[in-house]
Amino acid sequence: MTRPLDRVLLNRAMSKSSNRTLVSNVFIALSVATLVAVYFLPVWWVALTAPNYPPEAFPDGVRINFHMNGVFNGCKKIEKVEITETEALDCVHEMDTINHYVGMYPIAAGGVVERAFSPFLVSLLIVMLVGFMFTRPQTRLIVMSAGFGAIVVWMGMTWYGANGLKYQSSGYMHAMVAALDQDSERESANKFQIGFGMVERLKDSLEESGVVIEGYSDKSSVDDGIGDSEKAENIRHLRDTFDSYMKRQAADQKQEWTGSGSQLMAWHYKASLGRYFNNPAEILPMVKTMSFVGHLVFWGIIGAMLLLLWGARQNKGLIYWLLIGVPMALPVFFIIEYSGWLWWYGHELNEMGAFTVKPFMPTVFGQGKVAQFTTHSYPAIGFGLMLLSSVLLALAFLMRRKHAKVESEAAA
């Protein structure tokens, strides 16, 4: 009599367990949608306020927004009767200008590898979660293998391929241009700007007079395979800046533009470090180290994928639970990363700064004080969504653990 009863109870438990799995998958799907949104939203913001930045002109102070793929201007255009602005103040540049007086490197010098690999890392987390939604190991392996394979191809084409930057995110390319403080110098934005207008106006005038121009080549009209989008315009701008930069380098330092992600990251890091401090003896070793780290991360991601595929062969084990555990811990990883780079900014001060200050730890959360400046550092909407994602995944994790327990009892 007990065996049939046990079987009925077990069937009921399995039915409830299946419902829990369905609900947990809904939570995971919502978490995936949240992670996608986080990538395009500010995660954290920092602002400086001081008496020389009155709130009438700087209602939020000198503010910058940290995204996963770059640092963006947090200042808005002021529209008041007594204040007329044609565009918002570039507060990324403004903060860099303030910081460099005490020897701090530009904001673009931090998190260079993380920002370059951000689309692939977020995609990796999404594939891990989608794979975890499947309870059958065989199906999970097929889905994860396809997803990881697509990421590897995409990442390889971007990081090492010629013109690979066209596969990068638009936000990343915009942030890389803005970090060099050259948005206002973009020649392709207006044909009458310096360096382009004189030749173009002469050419147009001659053609209107019936004169045929032979042998003239408009560089901007050449099909370079990167399209005509805003992102393509940013890539061309970086390419032109890169070419100009290389003309000023020694013969052994010159390079030809390839348009790969690895080349851009190394050059941009070098240009950012030397933007205010012309100290090659200190900068070049840092660039070499960061380039090595970039290549290491590329192959490290592939190694992590293989490890995850090995652990996904069954519905148990530490590696299997990492499929949901790692995305769930994303807010913790961000805080550690953010704090680490703040420590680096405050402790790796260049001696060429106008003022000498002792190494310090910038404020991670809340308000702080540096000289006459008050610092503000707080989470933005993206971090709130990160926390929401973690809560959803925690609920899914508990439900899936209960399901695994029921399955184990059924097998016994």
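The values are calculated or read from the model by the stated rules, or taken from the named source; none is laboratory data. Small disclaimer: the values here were computed from a predicted structure and weren't measured. Please note: Cβ atoms are built from the backbone with ideal geometry, for glycine as well, and neighbour counts cover all protein chains shown.
For the reader, a short list of remarks on this structure follows.
- Of the candidates L129, L125, L121, L141, the single residue that is at pLDDT 95 or above and in contact with a Lys or Arg (Cβ under 8 Å, 6 or more places away or on another chain) is L141.
- Residues that are buried (at least 17 other Cβ atoms within 10 Å of the Cβ) and either under 21 Å from the mean Cα position of the chain (by Cα) or of a type in the set (A, V, I, L, M, F, W, C) (or both), drawn from region 305-330: M305, L308, A312, W321, L322, L323, I324, V326, P327, M328, L330
- Residue selected from region 41-64 under the condition among the aromatic types (F, W, Y) and touching a Ser or Thr at 6+ places or on another chain (Cβ under 8 Å), by the criterion modelled with the lowest pLDDT: F58
Every residue, every condition in (1) surrounded by 18 or more Cβ atoms within 10 Å (Cβ to Cβ); (2) of a type in the set (A, V, I, L, M); (3) at pLDDT 85 or above; (4) under 25 Å from G110 (Cβ atoms), yes or no:
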| residue | (1), (2), (3), (4) |
| --- | --- |
| D204 | no, no, no, no |
| V212 | no, yes, no, no |
| E233 | yes, no, yes, no |
| L238 | yes, yes, yes, yes |
| A250 | no, yes, no, no |
| L264 | yes, yes, yes, yes |
| W267 | yes, no, yes, yes |
| A271 | yes, yes, yes, yes |
| Y276 | yes, no, yes, yes |
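- Screening S229 against (1) within 21 Å of the chain's Cα centre (by Cα); (2) crowded, with 20+ Cβ neighbours inside 10 Å leaves a single unmet condition, (2).
- For region 65-161, the helices (runs of 4 or more DSSP H) that sit wholly inside it and include 2 or more residues that are surrounded by fewer than 16 Cβ atoms within 10 Å (Cβ to Cβ) and polar (S, T, N, Q) are 137-159.
- Qualifying residue in region 136-146 (condition: touching a residue at least 60 places away in the same chain (Cβ under 8 Å) and out of contact with any helix residue (DSSP H, G or I) (no Cβ under 8 Å at 6 or more places or on another chain)): yes
- Among the residues of region 347-364, those identified as in contact with a strand residue (DSSP E or B) (Cβ under 9 Å, 6 or more places away or on another chain) and in contact (Cβ under 8 Å) with a residue 24 or more places away in the chain are V357, V364.
- When F365, F292, F334, F355 are checked against the criterion of being surrounded by 15 or more Cβ atoms within 10 Å (Cβ to Cβ), out of contact with any His (no Cβ under 8 Å at 6 or more places or on another chain) and either of a type in the set (F, W, Y) or at pLDDT 95 or above (or both), a single residue qualifies: F334.
- Answer residue from region 332-378, given it is in a loop (DSSP other than H, G, I, E, B) and among the β-branched types (V, I, T) and is nearest to the chain's Cα centre (by Cα) among those: V364
- Within region 330-377, being of a type in the set (S, T, N, Q) and in contact with a Gly (Cβ under 8 Å, 6 or more places away or on another chain) holds for N350, T356, T374, T375, S377.
- Qualifying residue in region 379-388 (condition: at pLDDT 90 or above and outside any helix (DSSP H, G or I)): yes
- Options V38, V26, V81, V32; residue that is modelled with pLDDT of 90 or more and closer than 29 Å to I98 by Cβ: V38
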